[in-house]
Protein chains: 4
Amino acid sequence: MRSVLLLEHTDANTNVDYLISQVREFLQEREWQKYHNPKDLAESICIEAAELLQLFQWMSREEVCAFKDVSSNVKRLKEELADVVIYCLSMANAMNIDLTSTVVHKLKRNRKKYPSKLYRGKAHL
Amino acid sequence: MRSVLLLEHTDANTNVDYLISQVREFLQEREWQKYHNPKDLAESICIEAAELLQLFQWMSREEVCAFKDVSSNVKRLKEELADVVIYCLSMANAMNIDLTSTVVHKLKRNRKKYPSKLYRGKAHL
Amino acid sequence: MRSVLLLEHTDANTNVDYLISQVREFLQEREWQKYHNPKDLAESICIEAAELLQLFQWMSREEVCAFKDVSSNVKRLKEELADVVIYCLSMANAMNIDLTSTVVHKLKRNRKKYPSKLYRGKAHL
Amino acid sequence: MRSVLLLEHTDANTNVDYLISQVREFLQEREWQKYHNPKDLAESICIEAAELLQLFQWMSREEVCAFKDVSSNVKRLKEELADVVIYCLSMANAMNIDLTSTVVHKLKRNRKKYPSKLYRGKAHL
């Protein structure tokens with residue numbers, strides 16, 4: 001029992017289902033499922049993605065490199081990234097999508113689309 | 001051995017670390033880590049989020065409701081959602097962020113920010 | 001002379017050159033031209049566009065219809081729309097683009113792409 | 001008459017009203033005004049802004065500097081910028097906003113918000 005209380009959820013010990021269930025619980029407590037249609041969710045993903053981008057607005061390459069070394073920067077980035085991810089989990093929840101197999105499948109397609117022989121070291125051909 | 005070959009990765013049996021490791025492997029095969037600074041990653045999250053939103057451009061409420069019933073729609077949504085999620089995983093990889101604890105922590109903050117007593121059934125006060 | 005001072009700039013009496021010159025003057029006063037490369041400007045257009053969208057986050061069709069009737073809403077929309085337009089004018093300035101002929105030319109292409117006979121009353125075929 | 005036919009619209013000889021009237025005419029020919037509520041227009045501005053940003057995805061500072069010198073790049077940028085501007089004009093049309101006075105007013109506020117004495121040469125304090 002104590003072990004349950006002390007367990008911290010990390011990427012190493014948590015499956016995606018747990019994260020989606022946490023988002024679902026948060027929604028149910030507030031009766032917010034009714035807002036979660038895929039169009040409004042896609043909007044919210046866009047809005048939060050832009051807030052993430054805003055952290056880097058007008059930053060030079062040098063400033064971007066130094067960004068990571070300031071803990072308050074990393075803290076803000078984590079907050080904004082979490083917002084994007086929470087809405088992605090919400091989309092998976094609303095659409096009844098298995099996110100893991102969706103991601104694995106897309107990576108497989110990307111491997112074919114961008115053969116490493118052709119694209120090694122190059123973003124574009 | 002056969003069981004390994006047959007195992008399909010799903011949200012129920014896969015932790016976030018596995019997904020990040022898959023993304024990292026994909027990058028390393030192409031030597032693309034050099035592109036993955038947080039500013040360019042935030043841009044790519046924005047770009048993919050907008051492609052997700054584009055699926056619903058000009059759609060009425062009725063069309064959004066019916067969206068889910070057409071399998072080709074769901075297929076396209078999964079592709080675009082995967083693109084957003086893959087770049088979020090890439091950001092976690094590039095910034096050395098534990099995504100699970102970041103999401104769990106943000107949900108805890110959101111619970112305080114939006115007390116269910118006040119916000120039940122309401123997106124805004 | 002007094003008439004010059006009293007003249008208010010409106011869509012009916014102002015050409016696009018005047019707006020771009022105002023943006024350029026604002027930049028020069030702050031020596032901000034160095035920040036205005038097209039990539040960072042495109043980012044800023046994205047960020048401001050998302051702030052405009054945020055005004056409508058989670059709004060139902062009925063709330064969107066009623067939006068216009070509240071003067072504080074219109075005021076906020078004008079501020080956010082101005083931010084997007086100012087960065088578009090900045091992009092035209094930075095890239096030495098004539099915005100008017102660019103818009104007129106694109107509308108001409110759109111007329112061909114979406115023949116009114118086919119698209120009358122329909123967003124998609 | 002011939003002079004009318006030969007007149008090319010440029011930033012120097014065209015007021016904003018003309019551009020809005022061209023957009024309005026385009027919409028009326030297709031009976032598309034019904035789609036132009038402010039929420040869907042804000043979405044479309046976001047979507048087009050992201051397509052503009054996509055032109056610069058993964059580009060280094062050096063590649064951004066060289067972008068301007070390739071005429072096919074400039075052509076694509078003009079197309080994407082036009083799409084954003086056309087939807088901004090559409091928003092002004094749908095909301096009955098005078099874009100010129102809105103922009104002039106916002107620049108006045110920005111002048112106060114960012115005093116040139118404090119911000120000269122600096123994007124942030």
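With R₀ set to 56 Å, the beta-carbon distance separating C:K112 from B:K112 gives a calculated FRET efficiency near 0.55. Each copy carries C:D17; placing its label point 7 Å along the C-beta direction from Cα gives inter-copy distances of 1.9, 6.6, 6.8 nm, listed from smallest up.
Report, as an integer, the average count of C-beta atoms from other chains found within 10 Å of each Cβ along B:105-116.
Numbers: counts 4, 8, 8, 2, 2, 6, 4, 0, 0, 4, 2, 6.
Per residue, the number of nearby Cβ atoms from other chains is 4 on average.
Could you sort A:69-76, D:80-87 so that the peptide with the highest average Cβ count within 10 Å comes first and the rest follow in order? All intermediate terms of the calculation are to be shown ahead of the outcome.
Values: A:69-76: 11.4, D:80-87: 24.1.
Averaged packing, sorted descending, gives the order D:80-87, A:69-76.
Summarising the rotation from chain D to chain B, the nearest chain D beta-carbon to the axis and its distance in Å are given as D:A50, 2. Peptide D:26-34 has a mean shielding of 5, counted as Cβ atoms of other protein chains within 10 Å of each residue's Cβ.
Which entries in D:K75/D:K108; A:K68/A:K122; A:K39/A:K108; A:K75/D:K68; C:K122/D:K106; C:K39/C:K117 show an alpha-carbon gap greater than 29 Å? Please list the in-between numbers first.
Values: D:K75/D:K108 32 Å; A:K68/A:K122 25 Å; A:K39/A:K108 27 Å; A:K75/D:K68 36 Å; C:K122/D:K106 36 Å; C:K39/C:K117 38 Å.
Table pairs above 29 Å Cα-Cα are D:K75/D:K108; A:K75/D:K68; C:K122/D:K106; C:K39/C:K117.
The same position A:S72 in the other copies lies at 3.0, 4.7, 5.2 nm from this copy, comparing label points 7 Å beyond Cα toward the beta-carbon, shortest first. Let me check against my output: what whole-number percent is the relative contact order of chain B, with C-alpha pairs under 8 Å and at least 6 apart? Worked out over chain B, it gives 33 percent.
Measuring nothing but protein heavy atoms, the accessible surface of region C:28-81 at 1.4 Å probe radius is 48 percent carbon and sulfur. With all protein chains kept in place, the per residue accessible area of chain A amounts to 51 square angstrom at a probe of 1.4 angstrom.
The string of couplings for region B:66-74 from the Karplus curve (6.51, -1.76, 1.60, θ = phi - 60°) is 7, 3, 4, 7, 9, 5, 5, 4, 4 Hz, one whole number per residue in order, with x for Gly and Pro. With a ≥ b ≥ c taken as the square roots of the eigenvalues of the C-alpha gyration tensor of region B:1-75, please select rounded if a/c is under 1.5 and otherwise prolate if a/b is larger than b/c or oblate if it is not? Because a/c hits 1.5 or more and a/b fails to exceed b/c, region B:1-75 counts as oblate. For A:L118, the distances from its label point to the matching points in the remaining copies are 3.0, 5.3, 5.4 nm, ordered from shortest, with each point set 7 Å beyond Cα toward Cβ.
Take each residue of peptide C:82-91, count the partner chain Cβ atoms within 10 Å of its Cβ, and average: the result is 6.
Treating the protein assembly as shown as a set of equal point scatterers at the Cα positions, no solvent, please give the Debye-formula log₁₀ I(q)/I(0) at q = 0.09, 0.11, 0.12, 0.13 Å⁻¹. Debye intensities relative to I(0), on a log10 scale: -0.67, -1.00, -1.19, -1.38. With the convex hull drawn over the C-alpha atoms of chain D, the volume per residue is 190 Å³. When the helices of chain A are scored as -39500 (n - 2.57) per DSSP H run of n ≥ 4 and the total is divided over every residue, the value at 222 nm lands at -22000 deg cm²/dmol. Anisotropy class assigned to region D:71-125 is oblate, per the alpha carbon gyration tensor with a/c at or over the 1.5 cut-off and a/b no larger than b/c.
The values are calculated or read from the model by the stated rules, or taken from the named source; none is laboratory data. Bear in mind the structure is a predicted one, so any value in this text is a computation, not a measurement. All Cβ positions, glycine included, derive from the backbone under ideal geometry; neighbour counts span all protein chains shown. SASA here: full protein model, heavy atoms, side chains in, ligands and nucleic acids out. Shrake-Rupley method; radii C 1.70, N 1.55, O 1.52, S 1.80 Å.
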